[in-house]
Amino acid sequence: MPHKGEVAADSIADPAERTQTLTAFLRNAVSRGDQRHAATLIDAIEAHARSLLSADERLPALTELVGATASAGQLRRAEVLTDLIDSPAYQGTALIEIVKVAAAAGDLRRAERLSERIHQIASVTSSPTYRAQMLVALAEVTGLTNTRRLLAETLALGHWNYAVDALADQEPGAVSALIDEYLTSHMRGPDPH
């Protein structure tokens, strides 16, 4: 049986606000350990998201649902829900949330498998900026074996601004070497010949 606040959430007209409110109730149910109530809320949020006709409303709602479902420990269901997302950008974002939860839970096999799926999505996106953001988000997940490759790809795209923080966390010596190389090449002045 829904709580009073959840019944009131049904009257929220703004789809994004309604999704956020229901997701907050879901996270609360998870924090209390009430898995049955969490499953009911996941069903309610999914029904709400599926009812949205506008992709501008549906895609963020589904993406938020996937993240909350993964946080509830229902990784398999979260993966299935990503199939409802027909935008590579939103699907990649949702999958990253699953990878984070899976890696934190020690399910590295799932995290690596989904990481490869995200990498495939990123490789076909037409936006180098979005691709760089996805690669860095993956690289920031601890426990993945492909972190160096992801950061190297981001640097090759020319998006150093996205990669430097992750690189400093994952490979601090590499950042020092890059700074030294930059300073050496820019501080010596023009070649006299």
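The values are calculated or read from the model by the stated rules, or taken from the named source; none is laboratory data. In this text the structure is predicted, and so the values were computed from the model without any measurement. Cβ atoms come from the backbone with ideal geometry, glycine included; neighbour counts cover every protein chain shown. Areas reflect the complete protein model, heavy atoms only, side chains present, ligands, DNA and RNA absent. Shrake-Rupley method; radii C 1.70, N 1.55, O 1.52, S 1.80 Å.
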- So what J values fall out for region 80-93 if you push phi through Karplus, 6.51 cos²θ - 1.76 cosθ + 1.60 with θ = phi - 60°, rounded to Hz, Gly and Pro as x? 4, 5, 5, 5, 7, 8, 9, 10, x, 4, 5, 5, x, 4
- Mind checking the per residue accessible area of the chain for me, 1.4 Å probe, whole number of Å²? 56 Å²
- Charge dipole (debye, nearest 20) of the chain; +1 at Cβ of Lys and Arg, -1 at Cβ of Asp and Glu: 500 debye
- Query: What's the percent breakdown of Cα-Cα distances in region 67-123 across 5 Å bins, shortest bin first?
  - Reply: 4, 23, 35, 26, 10, 2
- Query: How high is the FRET efficiency between Ser126 and Trp160 when r is their beta carbon distance and R₀ equals 22 Å, given to the nearest 0.05?
  - Reply: 0.60
- Item | Of every Cα-Cα pair in the chain, the percent that sits beyond 27 Å | 41 percent
- Query: Highest GNM mean-square fluctuation, the chain, Cα pairs closer than 10 Å: which of Ala24, Ala132, Ala13?
  - Reply: Ala13
- Message: Please compute the contact order of the chain in relative form: average sequence separation of alpha-carbon pairs under 8 Å and at least six residues apart, divided by the residue count, as a percent.
- Response: 11 percent
- Message: Please give me, ordered by residue number, the chymotrypsin sites (Phe, Trp or Tyr not before Pro) of region 112-181 that lie in loop per DSSP and have at most 10 other Cβ atoms within 10 Å.
- Response: none
- Unit charges at the beta carbon, dipole of region 46-86: most positive-side option, Gln74, Ala49, Ile85: Gln74
- Farthest toward positive dipole pole in the chain [+1 Lys/Arg, -1 Asp/Glu at C-beta], among His119, Leu108, Leu155: Leu108
- Item | Separation of alpha-carbon centers, region 99-146 and region 30-62, rounded to whole Å | 23 Å
- Item | Size of electric dipole in region 81-193: Cβ of Lys, Arg +1 and of Asp, Glu -1, about Cα centre, debye, nearest 20 | 220 debye
